[in-house]
Amino acid sequence: LKPAYSPLVWTTIATGKLPGKHGVTDFISYQVPGVSVPVLPRKEPYYTGGLVLIFRLAAQKGLIEKIPITSWARKAKTIWNICSIYGLENCTLGWWGTYPAEYTKGSIVSDFFHPSACDALSANNSSNNPAGLTYPDTLYEILLPFVHTENEVSYDIYSRFINGTEHDWRLSRKSSEKPGYNPEKSLRYAYPEDLTAADIWTNIFRGQSLQFSAVYLNGIDLVSHAAYKYFAEENLPGAGKYGLMLEKYYAFTDSLIGEIFASNPRAVKIVISDHGFQQEGAAGHYHHRNAPDGVFIISGPGIKRNNALPGRIHVTDILPSLCYILGIPVGRDMDGRVVAEIFRESFSRDHQISYIDSYESFLVPGQTVKGSQAHKQRGGKEMVERLRAIGYID
């Protein structure tokens, strides 16, 4: 998708539909006084339009509040909704746009969980209004012991990724509240969040009988925005300090994925990114707005081995292919296709693709209207500041 911005792409992956259908078209929505749920002005193409400019101006004047995108904005069924319709146990951890967490036949750990839990732990207040941070709400306190915070980024951790002195590390801690974005700040964001996700999976969900699970690791994106230029340009000032940071963070992420996948060797496993990274414009400017290719790796029963894909696939193709793997119908109103070329002939012969017109008219058992409108909306100020620091929003 262009622009290849995370909420749009991850919601497309989860729904098999383009933003015009699923409704998530921005990083943020707006809390308007007197309106019970956040407002996301519709626009086409994304990020433009007169109404959007009016909302932005109102936010600048303090008349309304910017908040990160929430599950209220989503207008299409997701993979966890569809699994719940068929009674398939599932778990989703950290996915974009999952706060407030909705009913599912299983568990959701929303994208607001980690920053909110960190705030609660720093304030020594474990009962920091957990409503909507997880589904079920009672999961929140079970997960707290596995939350890692930026205070754990010791010099030993810092030096695993950055070729800096202990003095550099101390300076980076003192400057953590200053505006701007740099490799040290990206590490403080990324490392504890990814480690929390992996530890929660390993300690809570790995032993459960799940038909589908998804764990989102945000760190590579965060570190790429700060450190990719040092990886790409050897002569850039700072390359000696940060030049290997991105490679080392990839290796760290690979180790976490190994831990997550070790639980069930017979499962079908997928590693996917929402985009790649590339130079955009002049040298020194690296981003992913123009949708450089991401990665798709799949293995397991019924999947071809040691095969490169003969062609390209699209982020809309992931959900139809998941439906096929799970043995449930593909929605004809999904914008993607089943990627038939990844399956062994024997699997394709024994498993026919089935279709359903749409899942949008289905009610998810146990779910009220969004199941979450009673939750008090969180401001998500830390998340908004992070998006601003990286340069996603102004």
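The values are calculated or read from the model by the stated rules, or taken from the named source; none is laboratory data. This is a predicted model, so every value here is computed, not measured. All Cβ positions, even for glycine, are placed from backbone atoms using ideal geometry, and neighbour counts span all protein chains on display. Surface areas here come from the heavy atoms of the whole protein model, side chains and all, with no ligands, DNA or RNA. Shrake-Rupley method; radii C 1.70, N 1.55, O 1.52, S 1.80 Å.
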Point to revise | Listed peptides 71-83, 329-341 by packing density, highest first (mean Cβ within 10 Å) | key: 71-83, 329-341
Point to revise | Three-way shape label, the range 235-394, alpha-carbon gyration tensor, a/c 1.5 | key: oblate
Exercise for review: Return the distance in nm (one decimal) between the two label points of a simple spin-label model at Leu57 and Ser209, each offset 7 Å from Cα along Cα→Cβ.
Suggested key: 6.0 nm
Practice item. Determine the shape class of the chain: with a ≥ b ≥ c the square roots of the Cα gyration tensor eigenvalues, call it rounded for a/c under 1.5, and otherwise prolate if a/b is greater than b/c, oblate otherwise. Key: rounded
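Roll a 1.4 angstrom probe over the protein heavy atoms and tell me the percent of accessible area of the range 155-305 that is carbon or sulfur. Let's see the in-between values first.
Details: 3560 of 7460 Å².
C and S atoms contribute 48 percent here.
What whole-number value in Å² describes the accessible area per residue of the chain for a 1.4 Å probe? Don't skip to the answer; put the middle values down first.
Working: 18080 Å² over 394 residues.
Dividing the accessible area of the chain by its residue count gives 46 Å².
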Exercise for review: Would you please put 299-306, 53-60 in order of how densely packed they are, using the mean number of other Cβ atoms within 10 angstrom per residue and starting with the highest?
Suggested key: 53-60, 299-306
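With only Lys, Arg, Asp and Glu charged, each at its Cβ (+1 for the first two, -1 for the last two), find how big the charge dipole of the range 49-119 is about the Cα centre; round to the nearest 20 debye.
Working: 7 positive and 5 negative charges, 71 e Å.
Computed about the Cα centre, the dipole is about 340 debye.
Listed highest first by mean packing, meaning other Cβ atoms within 10 Å per residue, what order do 274-283, 99-108, 146-155 come in?
Working: 274-283: 15.0, 99-108: 24.3, 146-155: 16.7.
Order by mean packing, descending: 99-108, 146-155, 274-283.
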Practice item. Averaging sequence separations of C-alpha pairs under 8 Å and six or more residues apart, then dividing by the length of the chain, give the relative contact order as a whole percent. Key: 19 percent
Revision key, fill the gap. Per the helix-only model, the chain has a calculated mean residue ellipticity at 222 nm (DSSP H runs of ≥4, -39500 (n - 2.57) each, divided over all residues, rounded to the nearest 500) of -10500 deg cm²/dmol
Revision key, fill the gap. Note to self: C-alpha centroids of the range 135-174 and the range 311-361 sit apart, in Å, by 40 Å
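What is the gain in length, in nm to one decimal, between Glu89 and Arg349 on full extension, counting 0.36 nm per residue of separation less the C-alpha to C-alpha distance? Please report the intermediate quantities before stating the final value.
Numbers: separation 260, 0.36 × 260 = 93.60 nm, distance 2.67 nm.
So the extension gain works out to 90.9 nm.
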